[in-house]
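Please read the structure below before turning to the comments.
The values are calculated or read from the model by the stated rules, or taken from the named source; none is laboratory data. Please read all numbers here as calculations on a predicted model, not as lab measurements. Here the Cβ positions follow ideal geometry from the backbone for every residue, glycine too, while neighbour counts run over all protein chains shown. Surface accessibility is based on the protein's heavy atoms, side chains included, excluding ligands, DNA and RNA. Shrake-Rupley method; radii C 1.70, N 1.55, O 1.52, S 1.80 Å.
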Amino acid sequence: MKYWSQTFIPTLKESPSDAEIASHKLLLRAGLVRKLGGGLYTYMPAGLRVVQKISQLCREEMDREGAIELSMPFIHPADNWVEGPRWPAAREIMYRVDHAGAGKGRAKEPEYVLGPTHEEVITPLIKSELTSYRDLPKNFYQIGTKFRNEIRPRYGLMRAREFIMKDAYSFDATDAAAIVSYNKMKRAYTAFFTRCGLKTIAVEADTGVMGGSFSHEFMVPAPVGDDDIVYSEESGYSANREKATSGLVPKDLADAAPVGALEEFATPGIVTIAALAAAPYNAAPDKQFKTLVYMGDGKPFLVVLRGCDELEEAKLGTLGFQLWRQATPEEIEPVMGAKPGSLGTVRGTIKNPTALAGIFADHAIRLVGNGTTGANKDGFHLRNVNVVRDLEVTKFGDFRTVRAGEPDPKSGAPLKIARAIEVGHVFILGTKYSEKFGAVYTDDQKQSHPMIMGCYGIGISRTLQAVIEQSNDADGIIWPWNVAPWQVLVVNLDPQDAAATELCLKLAQAAEAAGVDVLIDDRAERPGVKFKDADLIGLPLRLCVGGRGLKEGIFEFKWRNSKEVRKVAIAEAESVVTQAVREAASKA
RNA sequence: CGGGACGUAGCUUAGCCUGGUAGAGCGCUUGCUUCGGGAGCAAGAGGUCGAGAGUUCGAAUCUCUCCGUCCCGACCA
């Protein structure tokens, strides 16, 4: 048991002005964390306890599914990343670590980086440690700090530059075995989040190139989340919006026949979808083709969408480029022959088509059939543009953002969209890393094969905040039993009174004997302060002892998630506390 | 990386527009009175007004630069 006066729980009456959302305010007000800088937080004693509890639950569930704990360095030689398969993309988010000391660290390239994740470390390790199919399967995990140069840290621990993560990596001989490993992790995650008292939705994140459902994200529905999930209660379909598809384009859609000859018309000063939709042109957005220019690994490529649709940039990941970004007007004009606003992909109108890495069209443009697009000549557009007859397309694909209300690809029912916090992700990696690093095993036919890998992450610190975000009220946090820094708070209203102090100790000992952690508020504070702090820090069970109750021969018993205050006779103290604690523990 | 807002005591903030001795509440210290839902009274400590430069007789206040923080967006042809 811990005495409040002997630990440090600096509660705040008011929220610091830089906290915006409930969970962030409560993290600060309940004295769980303090900010060092943007996205950098100190875990105060009570906050650290929660981190440790969540970590322990995670550890238990990982162990249960046969994963093996180890611990890898935070600092990685940059070479591991340079030799890996994603250096160009990964270097953007990694902090570089140069040699300390005067006169050093002048190298243009970093010599060391702070690890944002550990594929580049564990794969070379496994390459030298595991060589036979008899060694497989194996799944290694660790719980530790990760470093990512987040573009915009947000909402306290929710998106931080430095955060605590559980990461696991599985190694298997076959695809089928990898799926077994994957399903074990999915099961572990479900069990883990449930034990944390967190309601999560496992969302399919189709991997595109791999096909099938080999990736799931565990999402906590919350308006403050960074992700959108697209789902249908009817069919159970659920996916991250970045990957979600809809049944907007029927499978049996017949391509439209041309409606007339291609016709160029002058559109001076018209460079937006909206302007072209207005009089006198009256080309409805869903009858326009929108042409976007991107740069993929240094080469321009085009994406064609309906005028009314939006590009889901994450879907460009299926095209095979390492890095992509929007092209600048300076890059666009020499290739297309016109400035943005007059672009199109009608055959023969692109100035320098050989410069292009491809023209990728969203399936939905087939719904347009015949429409309007830019003529690649400033101030001119083309009408009667037929998808099949006129448009140059390298490949069709799914590139648009799904909207709420579109038909679910499975059931056809309208899709819904909600915000959510991603707290976990399970993913089959295939042989991306094992091939690059030469992590191969020998099978029973003496044949060598790259191992099939999976990776599995849980944001421990983010989970902590997600729990608070999901479980609080106007007075403070309402901790779920298993992750509370202490399960029971014994409030001593009269710490000067020997009888009160003695009863508090008795209650605390009874709870502790029943197997839970107890905090005793022995501070010389006024009752009002203690009650407010009790609600704020949100321990599940509050036992309150004061002179008033002692006279009646009772103490007070109150659950944080209920308004009811129960008076319990001192004579029954031990049995009531023991029973309550055991019951709560068995339900959690 | 754009856009917006902000930066005054440990915390929350007023003052800035319209330049003239920096104010309050909470917290802290001391004393008295209180003592079951963030007590009252009295006295006190605590500020390079984010940093630098400029304008001015005079700058928290006006101008510029930088730094930091928070929010929005990473948006389109």
3J(HN,Hα) from dihedral phi, segment A:291-297, Karplus parametrisation 6.51/-1.76/1.60, rounded to Hz, x for glycine, proline: 10, 10, 10, 10, 10, x, 6
Most to least packed among A:418-426, A:460-468, A:197-205 [average Cβ atoms within 10 Å]: A:460-468, A:418-426, A:197-205
Overall form of chain A per C-alpha gyration tensor (a/c, 1.5; a/b vs b/c): prolate
Percent accessible area from carbon and sulfur atoms, chain A, protein chains only, probe 1.4 Å: 52 percent
Calculated from backbone phi, Karplus (6.51, -1.76, 1.60) coupling profile of segment A:359-366 in Hz, x at Gly/Pro: 10, 10, 10, 6, 3, 5, 5, 5
Fully extended contour minus Cα-Cα distance, from A:Ala89 to A:Asp297, at 0.36 nm per residue: 73.8 nm
Burial ranking of peptide ranges A:255-261, A:166-172 (average Cβ count within 10 Å, highest at the top): A:166-172, A:255-261
Computed over chain A: relative contact order in percent, which uses C-alpha pairs under 8 Å that are six or more apart: 17 percent
Within chain A, percent of DSSP bridges classed antiparallel, to nearest 5: 80 percent
Fraction of antiparallel bridges per DSSP, segment A:454-588 only, in percent to nearest 5: 55 percent
Cα centroid separation - segment A:419-493 against segment A:10-83, whole Å: 12 Å
Net dipole in debye of chain A [+1 Lys, Arg Cβ; -1 Asp, Glu Cβ; about Cα centre; nearest 20]: 680 debye
Per-residue [θ]222 nm for chain A (sum of -39500 (n - 2.57) over DSSP H runs n ≥ 4, rounded to 500): -7500 deg cm²/dmol
Relative contact order %, segment A:331-464, counting alpha carbon pairs below 8 Å whose residues are six or more apart: 17 percent
Segments A:560-573, A:85-98 sorted - mean Cβ within 10 Å per residue, highest first: A:85-98, A:560-573
Chymotrypsin sites (Phe, Trp or Tyr not before Pro) restricted to DSSP loop in segment A:1-79 with at most 13 other C-beta within 10 Å: A:Phe8
Unit charges at the beta carbon, dipole of chain A: most positive-side option, A:Met336, A:Gly528, A:Gly38: A:Gly528
Of A:Leu519, A:Val82, A:Leu382, farthest towards positive along the dipole that unit charges on Lys, Arg, Asp, Glu beta carbons give chain A: A:Leu519
Gain in span if fully extended, A:Gln445 to A:Arg582, counting 0.36 nm per residue against the direct Cα distance: 43.8 nm
